[in-house]
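Data block below; observations after.
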Amino acid sequence: NAGVTQTPKFRILKIGQSMTLQCAQDMNHNYMYWYRQDPGMGLKLIYYSVGAGITDKGEVPNGYNVSRSTTEDFPLRLELAAPSQTSVYFCASTSSGGPTDTQYFGPGTRLTVL
Amino acid sequence: EDQVTQSPEALRLQEGESSSLNCSYTVSGLRGLFWYRQDPGKGPEFLFTLYSAGEEKEKERLKATLTKKESFLHITAPKPEDSATYLCAVGMDSNYQLIWGAGTKLIIKP
């Protein structure tokens, strides 16, 4: 099993550009999450999904969009990139989504907006 | 307000010098407390889940403990390969989202 995979690993965007961060998991997990990690801060939840076709906002959703057409894939879309979106983005998945369920993380995408 | 605080922010130890990392929390209805390890340029990797006060779990040189207000990650006789950032997170009754601490960066010098 590859677990959770993310592409690209690095990306530099100009202000106003758009891009999609890809995330895929092969563990047949229903729940998937997108986090951002900024220096000195805890992971912040952007969006999550409880299954194909169902998504919801997390703590910091502004400037992002998601879709979930299959169990395996959960892409994150950045529209009109801003310097405040410079961060490291992590995708995670878990089988049941409960408060005691272990989350499995991808390797991350480091995004810089200039 | 639900909150998770980790201390210290960074800790430098000599190889073999034991110490502890702290994760204090103020949340309602704790269901689980998680410890993760994060290496530079990688995603967090699961270490432990603790469910109730008094519980302890061990893995190699690491032992995690839990009280009603905080958790400790004890590291015994650490080696340079234990250098990483250690993250703490809390799962609650009232919220599907985990609350994450900012992490402790541990550096073990040979």
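Here are a few things to note about the model shown:
- Positions within region A:11-29 being over 20 Å from residue A:47 (Cα atoms) and surrounded by 11 or more Cβ atoms within 10 Å (Cβ to Cβ), in sequence order: A:11, A:12, A:13, A:15, A:17
- Hits in region B:28-48 - residues which are out of contact with any Leu (no Cβ under 6 Å at 6 or more places or on another chain) and either open to solvent by 30 Å² or more (accessible area, probe 1.4 Å) or aromatic (Phe, Trp, Tyr) (or both): B:28, B:29, B:30, B:31, B:34, B:39, B:40, B:41, B:42, B:45, B:46, B:48
- Inclusion of residue B:19 among residues that are among the polar types (S, T, N, Q), within 14 Å of chain A (Cβ to nearest Cβ), touching a residue at least 40 places away in the same chain (Cβ under 8 Å) and surrounded by 14 or more Cβ atoms within 10 Å (Cβ to Cβ) is not warranted.
- Out of A:93, A:87, one residue alone is surrounded by 16 or more Cβ atoms within 10 Å (Cβ to Cβ) and in contact (Cβ under 8 Å) with a residue 60 or more places away in the chain. It is A:93.
- Residues (among the aliphatic types (A, V, I, L, M) and within 13 Å of residue B:13 (Cα to Cα)) located in region B:58-88: B:75, B:77, B:84
- Within region A:17-44, residues that are part of a loop (DSSP other than H, G, I, E, B) reach partners that are of a type in the set (A, V, I, L, M) and surrounded by fewer than 20 Cβ atoms within 10 Å (Cβ to Cβ) with beta carbons closer than 7 Å, at six or more positions or on different chains, in the pairs A:18/A:80; A:26/A:2; A:30/A:50.
- Total residues in region B:51-80, condition without any contact (Cβ under 8 Å) to a residue 12 or more places away in the chain and open to solvent by 50 Å² or more (accessible area, probe 1.4 Å): 4
- Among the residues of region B:51-110, none is identified as away from every other protein chain (no Cβ under 13 Å), aromatic (Phe, Trp, Tyr) and closer than 30 Å to residue A:47 by Cβ.
- Failed item in (1) modelled with pLDDT of 95 or more; (2) within 13 Å of chain A (Cβ to nearest Cβ), with residue B:3 passing the rest: (1)
- Of the residues in region A:38-54, at least one is open to solvent by less than 30 Å² (accessible area, probe 1.4 Å), more than 15 Å from residue B:100 (Cβ to Cβ) and among the aromatic types (Phe, Trp, Tyr).
- Residues (within 13 Å of the chain's Cα centre (by Cα) and within 13 Å of chain B (Cβ to nearest Cβ)) located in region A:2-31: A:4, A:5, A:6, A:9, A:23, A:25, A:31
- Of all residues in region A:55-84, those that are touching a Gly at 6+ places or on another chain (Cβ under 9 Å), open to solvent by less than 30 Å² (accessible area, probe 1.4 Å) and not charged (D, E, K, R) total 2.
The values are calculated or read from the model by the stated rules, or taken from the named source; none is laboratory data. Everything quoted here is computed from the prediction, not taken from an experiment. Methodologically, a virtual Cβ is constructed for each residue, glycine included, from the backbone with ideal geometry; neighbour enumeration extends over all protein chains shown. Protein only, heavy atoms only, side chains kept; ligands, DNA and RNA dropped before computing areas. Shrake-Rupley method; radii C 1.70, N 1.55, O 1.52, S 1.80 Å.
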